[in-house]
Structures are given as C-alpha cells and as structure tokens.
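Computed from the coordinates by the stated procedures, all read-outs in this text should not be read as laboratory data. Just so it is clear, the structure is predicted and the values come from calculations on it, not from any experiment. So basically every Cβ, Gly included, is an ideal-geometry build from the backbone, and we count neighbours across all protein chains shown.
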Amino acid sequence: MAPRVWVVEDDVHNFELVDFLLSEAGFEIVQAATAFELRALLAGPTAPDLVLMDMQLPGATGLDLVAELRADQQHQGAVVVALTAQAMRGDRERFLAAGCDDYISKPIDTATFVETLRTILARGRTHRDGD
Ligand code: MN
C-alpha cells in the first residue's frame, strides 16, 4: 500500500517539490500549510504513516505541533521527520526529544530525498516517550 504522508509545509515551492518527488514515488500526499490545517487533520479519522514537519510555520513552532501530534493516541505510530532550514548544533536532540524520529535539512536534496525517507520509514519509530 502507498505510504500516507502528511506534508506540513507553508512554503508553496517547497511543498510543490516534495509533492512532486513523493507523488512520483507512489506516496499518498496530504498537505497542511498551517497549524490550523494540521490540527484539523489531527482531529480527523485518518492516521498518517509519515509526517514531514516544517519546523518554521506561521503561528506555531514545529516542536509544539509535534508535541500536539504525539499527545494524540491515534498518532503514536506515525514516523515524524522534521524539515529544517536551520539545523544547528543541538537541533537534532531537540527534535528527537520533541517526538521526531529524524530530520532532513533544507534545501531538499532531490537526488536522495525519496530514498532517505524510505530508509527512515523502514526503520520505523525511533522516538519513545520517556527517552
Ligand atoms: Mn516554513
């Protein structure tokens, strides 16, 4: 079955690039461009296999949104990958502590993006509450 991916991204160009790469690879894409749209998805009946989370959104930090997602029993199984333009020392630890399983730096490397996500998905959840 096609992996179901929520792409939480407010930048239209970045979203289009991710949408293009993942659609071509057979993934099923749903976009949330705002915290409001993500919260609507969280409240809905569908659980994603993978969440790509832009860490810079208007109105909310990615870290807060990951915490909201992880607080929802329905979304414990989702693999969450942070997308970040500002990977700095210590970010990886902060992302993982917040409930992310991995992160990918922007700008996206189109040559490796899909394969990287497949590898992360195959590995599954690495975050566990209390880690
Ligand atoms: Mn953004």
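Some values worked out for this structure:
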quantity: Built amide H within the under 5 Å cut-off of ILE104, gap 5+; calculated: ALA82, LEU83, THR84
quantity: Percent antiparallel among DSSP beta bridges (both partners in the chain, rounded to 5); calculated: 10 percent
quantity: Sequence-distant residues sharing a close amide H with LEU57 (under 5 Å, placed H); calculated: GLY62
quantity: Length released on extending from GLU28 to ARG123, taking residue separation times 0.36 nm less the Cα-Cα span; calculated: 32.3 nm
quantity: Dipole magnitude of the stretch 74-129 about its Cα centre (Cβ charges: Lys, Arg +1; Asp, Glu -1), debye to nearest 20; calculated: 60 debye
quantity: Top of PRO45, PRO107, PRO58 by mean-square fluctuation, Gaussian network on the chain, Cα under 10 Å; calculated: PRO45
quantity: Selected from MET88, ALA40, HIS75, residue furthest toward positive end of dipole (the stretch 31-99; charges at beta carbon); calculated: MET88
quantity: Span-like helix ranges in the chain, DSSP H, alpha carbon extent 24 angstrom or more, Kyte mean at least -1.0; calculated: none
quantity: Max mean-square fluctuation residue, GNM over the chain, Cα-Cα springs under 10 Å, options ALA78, ALA47, ALA60; calculated: ALA60
quantity: Two-decimal log10 I(q)/I(0) for the chain, as the Debye equation yields it once each C-alpha is a single scatterer, q = 0.17, 0.18 Å⁻¹; calculated: -0.84, -0.96
quantity: Radius 11 Å from Cβ of ALA47, net charge of other residues (Lys, Arg +1; Asp, Glu -1); calculated: -1
